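The values are calculated or read from the model by the stated rules, or taken from the named source; none is laboratory data. None of these values were measured; they are calculated from a predicted model. Cβ placement follows ideal geometry from the backbone for every residue including glycine, while neighbour counts extend to all protein chains displayed.
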Amino acid sequence: MPEFSLDLNEEQRDLRDWVHGFASEVVRPAAAEWDEREETPWPIIQEASKIGLYGFEFLANAWADPTGLSLCIANEELFWGDAGIGMAIFGTSLAVASIYGSGTPDQMVEWVPQCFGDPDDPKVAAFCTTEPEAGSDVSAMRTRARYDEATDEWILSGQKAFATNGGIANVHVVTASVDPELGSRGQAGFIVPPGTPGLTATKKLRKLGLRASHTADVFLDEVRVPGSCLLGGKDALDDRLAKAREGKKASGQAAMRTFELSRPTVGAQALGIARAAYEYALDYAKSRVQFGRPIIDNQGIAFALADMRTEIDAARLLVWRAAWMGRNNRVFEAGEGSMSKLKAGEVAVSTTEKAVQILGGAGFVRDHPVERWYRDAKIYTIFEGTSEIQRLVVSRAISGRYIR
Ligand SMILES: Cc1cc2nc3c(=O)[nH]c(=O)nc-3n(C[C@H](O)[C@H](O)[C@H](O)COP(=O)(O)OP(=O)(O)OC[C@H]3O[C@@H](n4cnc5c(N)ncnc54)[C@H](O)[C@@H]3O)c2cc1C
């Protein structure tokens, strides 16, 4: 029986300090500029690629950690530096996770390196699933994939919304419906290789936060991809569709599990923003003097900081628990993955709001980063499943009822 411990091991501490160094020396000093420019920070992605923070080897090493914590630690530190730049660097991992989760070994070897490029010529990848009419309700997806037997090609048609790296990606992973009658069980993932005709995108969408990260709508107009671009291969798809048509219980649980597994990592990103804001507000409260004493000497301020720290630490424990459960194949009996992302997202929003309040007028202007953190935090109650959808998952799991 292994000893219970919440201490990080040496490798995890090294990882934390290494990513933190990059976040504080490279990312944070550049954050305001890229937020203002609303452009993809290619030089910083390249820097991350050069030091080995951006690339499959890094992700594979982090995934290999048997405690499941490494990826959370790296995300928290990088996003502590800046969430917009953090997403510009780690946004690619959404597409990579999908290839890794659903692809064959051959597909992984072929496509994952093309998602990242190399340090001399870094690339990004996009995972496109949300649509104008299918956000929280993924089963309403209208993008269609038809198989052309004569040419062994898949033909994709439809529209995707809000895709991180959409249009600027080297590799787009696109979900589409193969058999609309089967709802989400009739859907599959496809690789759209670089330069494929028929895939176009809007300009970068202008956002409240995460402005350095590229977000765009993607259009697929009779996009033809080779049969080998169907993730997992045709035999596996045919088998899955046949089971679904027979009404056999199948992959719903698997899809749910994938989401539950990725959610702690997203929660860790939210924690990075929350911690940045808390630390900044704590320092500010010690130095800002009003009524002849530092404002932290008022309980009203000190208690707010105590609450911020307590909430951040509580959220981190939920994030780490879910990450550990996922890595060690524990069953998510109560939607623990969703619970972690729900809590961390809401803590990021409430903590950054309190930080703005503690800075007063200084919190509202761009001379201080809390204004940006306040804007950046909000997306964490929206993407990767809104807070309401996380509550839906948890409430269904704990009640065994189909709550709507
Ligand atoms: C910056 C950014 C980056 C993104 N990146 C990606 C990406 O890379 N790939 C991708 O595929 N998508 C991406 N998204 C899309 C994101 O995942 C969706 O916006 C999100 O899932 C919510 O979908 P929606 O916007 O259509 O909202 P809707 O589903 O329309 O929801 C609107 C509101 O209704 C609520 N609601 C809906 N259904 C229920 C219900 N049953 N019960 C209670 N409340 C409900 C929601 O919680 C929400 O408050 C991104 C979005 C943004 C803004």
Self-check item: Number of positions in region 46-58 that are in contact (Cβ under 8 Å) with a residue 40 or more places away in the chain and surrounded by fewer than 24 Cβ atoms within 10 Å (Cβ to Cβ)
Solution: 5
Self-check item: Within region 105-145, tally of residues that are among the acidic types (Asp, Glu) and either within 22 Å of Thr215 (Cβ to Cβ) or crowded, with 22+ Cβ neighbours inside 10 Å (or both)
Solution: 3
Exercise. Mind listing whichever residues of region 381-404 are assigned to a loop (DSSP other than H, G, I, E, B) and of a type in the set (Val, Ile, Thr)?
Key: Ile382, Thr386, Ile403
Quiz item: Within region 363-380, can you find the residues that are part of a helix (DSSP H, G or I) and either surrounded by 19 or more Cβ atoms within 10 Å (Cβ to Cβ) or out of contact with any Asp or Glu (no Cβ under 7 Å at 6 or more places or on another chain) (or both)?
Solution: Gly363, Val370, Glu371, Arg372, Trp373, Tyr374, Arg375, Asp376, Ala377, Lys378, Ile379, Tyr380
Practice problem: Please indicate, with yes or no, whether at least one residue in region 345-362 is surrounded by 24 or more Cβ atoms within 10 Å (Cβ to Cβ), closer than 16 Å to Ala83 by Cα and within 15 Å of the ligand (Cβ to nearest atom). | Solution: yes
Quiz item: Somewhere in region 300-316, is a residue assigned by TED's automatic domain parsing to the domain that holds Ser395 and within 17 Å of the chain's Cα centre (by Cα)?
Solution: yes
Exercise. For region 317-338, enumerate the residues that are hydrophobic (A, V, I, L, M, F, W, C), buried (at least 20 other Cβ atoms within 10 Å of the Cβ) and within 18 Å of the chain's Cα centre (by Cα).
Key: Leu318, Val319, Trp320, Ala322, Ala323
Exercise. Would you please name the residue that is surrounded by the most Cβ atoms within 10 Å (Cβ to Cβ), looking only at residues in region 72-104 that are within 17 Å of Val174 (Cα to Cα) and not hydroxyl-bearing (Ser, Thr, Tyr)?
Key: Ala95
Quiz item: Could you give every pair whose Cβ atoms fall below 6 Å, whose first residue belongs to region 297-313 and is closer than 15 Å to Arg275 by Cβ, and whose second residue is among the polar types (S, T, N, Q), counting only separations of at least 6 or pairs across chains?
Solution: Met308/Thr351
Exercise. Filter region 46-91 down to residues that are within 16 Å of the ligand (Cβ to nearest atom) and of a type in the set (A, V, I, L, M), then give me how many there are.
Key: 5
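Please work out which residue is nearest to Thr265 (Cα to Cα), limiting yourself to region 364-389 and to residues that are in contact (Cβ under 8 Å) with a residue 40 or more places away in the chain and near the ligand (Cβ under 9 Å from one of its atoms). Explain how you work it out, then say what you get.
Of all residues in region 364-389, those in contact (Cβ under 8 Å) with a residue 40 or more places away in the chain come to 366, 368-370, 372-380, 383-389.
Now narrow it down to the ones that are near the ligand (Cβ under 9 Å from one of its atoms): 379, 383-389.
Working: Ile379: 14, Phe383: 13, Glu384: 11, Gly385: 13, Thr386: 15, Ser387: 15, Glu388: 19, Ile389: 17 Å.
Across region 364-389, the extreme among qualifying residues is Glu384.
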Quiz item: Can you tell me how many residues in region 206-219 are aliphatic (A, V, I, L, M) and loosely packed, with under 15 Cβ neighbours inside 10 Å?
Solution: 1
Quiz item: Under 6 Å by Cβ, and 6 or more places apart or on different chains, what pairs join a residue from region 343-359 that is assigned by TED's automatic domain parsing to the domain that holds Ser287 with one that is modelled with pLDDT under 95?
Solution: none
